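Let me begin by presenting the structure, written as structure tokens, before commenting on it.
Derivation of every value follows stated rules applied to the coordinates shown; laboratory data play no part. All values reported here derive from a predicted model rather than from experimental measurement. Cβ: placed from backbone, ideal geometry, glycine included. Neighbour counts: every protein chain shown.
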Amino acid sequence: MTSPWWRSAVILQIYVRSFADSDGDGLGDLSGIRSRLPYVKELGVDGIWLTPFYPSPGADHGYDVSDYVDVDPQFGTLDDFDALLAEAHGLGLRVIVDIVPNHTSSEHRWFRNARSRADHPDRARYAFRPGRDGGPPNNWTSAFGGSAWTLDEESGEYYLHFFAPEQPDLDWHHPDVRADFEDILRFWLDRGVDGFRIDVAHALFKARDLHDMHEPDPRPLFGDWLTALQQPELHPLYRSWRKLADEYDGERMFVGEIVIADQVELSRYVRPDELQLAFNFTFLHERWDAEALRITIDRTRDAFDAVGASASWVLENHDVTRLPTRYGGGVGGRRPARAAALLLLALPGAAFVYAGQELGLEEVEIPADLRQDPIFFRTNGERAGRDGCRVPIPWSDGPPAFGFTTGEPWLPMPGSWVDQSVTAQQSNPASSLALYRAALALRHGSAALRAGSFTWRESPPGTLVFERTSAGETIVCAVNLEAEHLELPEGELLLASESVTGNRLRQANAAWTRVVV
Ligand code: NOJ
């Protein structure tokens, strides 16, 4: 593996509620994940990222944490966590956990204290403010819809929540908040985790003047317009976290969820003494368009190379519509999604794969009465929310639970997934799972793919062709997005997203070839 490991790692994101259920309550849990580690290993990734499994009332499915140093009984116990970690490490898999520092649950003891009386010291950990002209203190809106302020009836003041009202924002200017999170990081580092994914990492500090912000309509996917966030105080904070993690052996790491489009600004968070990685959301949201992708790839590489950082390529996560559906759905969406997998895994840097992506799962239409995401409710159904990409993993058998649980899955699983279960795909060499496994095995065995130099090759409009080279080996990745066809590059054909006839790649196809030099 390249050193340090995270520079070229491929991490499987596990949405804990949806991966595997060990106790029949219909919700995934830590022991369920543990039982499926052999699958993860065989897939060929370097590690897993676990979404929050801490005690939580579940207003935002775990991103509302009421105790940062324990496990929610729905998901298991600390012993289950330790067993999962030990077994993952035994298999050579890294484990990253989610840290949610921007907000707590409204059920966290700090917030309960804060609300109990206006002079409780814990109140200063949050942003309570008097209203303005009979309304909230400023014009901020929540990412989940509606105002970002809720009136605390008892005191007559409002409190800030960039997400749901059950997720009050912490005031990071308060020294105790900072000190407590250092303890929380140490708690998990001491247990042996390999790193953290930092939730809304660009939002922790708010401008002290809490100035009004002009929200574009419609609200953009990216937060660049949020001028009261992305505060300069973040950089010294992340430097101190980096120092703290570097006290531990084993190259512990941070990956920031920094939802901004400006790659140069983004790269400032991954300067050598700050975070190691930051998700590239511009790449995730890019259209299936050769020029647009080329520009994003170049901008990312230029910005990240300039600070000596590794880029992190990502196409799916638990907050966005599944890729084949974004590409149009059905066969017409699945073909480019397969090609995109070969693009993703050939780009220089780290890559993140969201569990189910390797199965080519599509977004699921969830009936309104079964929806769970607060976004759906806070926007009165105007925004469907994220339930459709969080449907549990189909492991085997058929409906209703596909081996995910012996009970009733927390979200309904479509009967049409029979051909997409892990068992069905395992025995089908043409499956999406087989493609991911083959690509990951090749990447694992190829220094060129993991750490080689990157060079574009000239190619016709509507296509992308680049090579990765390291001592003695060149791997060429050719992607035909929308040209009539693309001449397959010279060399040995290693892998193609669909079977290749002759030496031409059809539209919505990608291939890797190898040239030994
Ligand atoms: C980003 C997480 O990915 C998302 O699922 C969550 O709702 C928000 N942060 C708030 O924590």
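Grab the DSSP H runs of the chain that are 4 residues or longer, score each as -39,500 (n - 2.57), total them, divide by all residues and round the 222 nm result to the nearest 500 deg cm²/dmol.
Dividing the helical sum by the residues of the chain leaves -8000 deg cm²/dmol.
Need one word for the chain: rounded, prolate or oblate. Basis is the Cα gyration tensor (sqrt eigenvalues a ≥ b ≥ c); a/c below 1.5 gives rounded, then a/b vs b/c decides.
Because a/c hits 1.5 or more and a/b exceeds b/c, the chain counts as prolate.
Where does each of Lys243, Lys206 land when they are ranked from fewest to most other beta-carbon atoms within 10 angstrom?
With the fewest neighbours first, Lys243, Lys206 line up as Lys243, Lys206.
Which order, highest average first, do 488-501, 435-448 follow once you tally other Cβ atoms within 10 Å for each residue and take the mean per peptide?
Highest-to-lowest ranking by the protection proxy: 435-448, 488-501.
Sort region 333-441 into rounded, prolate or oblate with this rule: let a ≥ b ≥ c be the square roots of the eigenvalues of the Cα gyration tensor; rounded if a/c is under 1.5, and if a/c is not under 1.5, prolate when a/b is larger than b/c, oblate otherwise.
oblate
Dipole of the chain (Lys/Arg Cβ +1, Asp/Glu Cβ -1, origin at the Cα centre): which of Trp110, Gly58, Ala339 lies farthest to the positive side?
Among Trp110, Gly58, Ala339, the one farthest towards the positive end of the dipole of the chain is Ala339.
Mind running the shape call on region 100-147? Use the C-alpha gyration tensor, a ≥ b ≥ c as the square roots of the eigenvalues: rounded below 1.5 for a/c, prolate if a/b tops b/c, oblate otherwise.
oblate
To the nearest 0.05, what FRET efficiency results for Ala434 and Glu382 with a Förster distance of 56 Å applied to their C-beta separation?
0.90
For the residue pair His485 and Asp183, what label-to-label distance in nm results when each label sits 7 Å from Cα along the Cα-to-beta-carbon direction?
Those two pseudo-labels are separated by 6.7 nm.
Run the quick spin-label model on His235 and Ser453: label points 7 Å from Cα toward the beta carbon, then report their separation in nm to one decimal.
In this crude spin-label approximation the distance works out to 3.1 nm.
Add +1 for every Lys or Arg and -1 for every Asp or Glu among the other residues with Cβ under 11 Å from the Cβ of Asp25, and state the total.
Around Asp25, the surrounding residues sum to -3.
Report the relative contact order of region 298-432, percent, no decimals, based on alpha-carbon pairs under 8 angstrom and at least 6 residues apart.
Dividing the mean separation by the residue count of region 298-432 yields 20 percent.
Between His174 and Leu151, what's the calculated FRET efficiency when r is the beta-carbon distance and R0 is 25 Å? Round to 0.05.
Once rounded, the FRET efficiency stands at 0.70.
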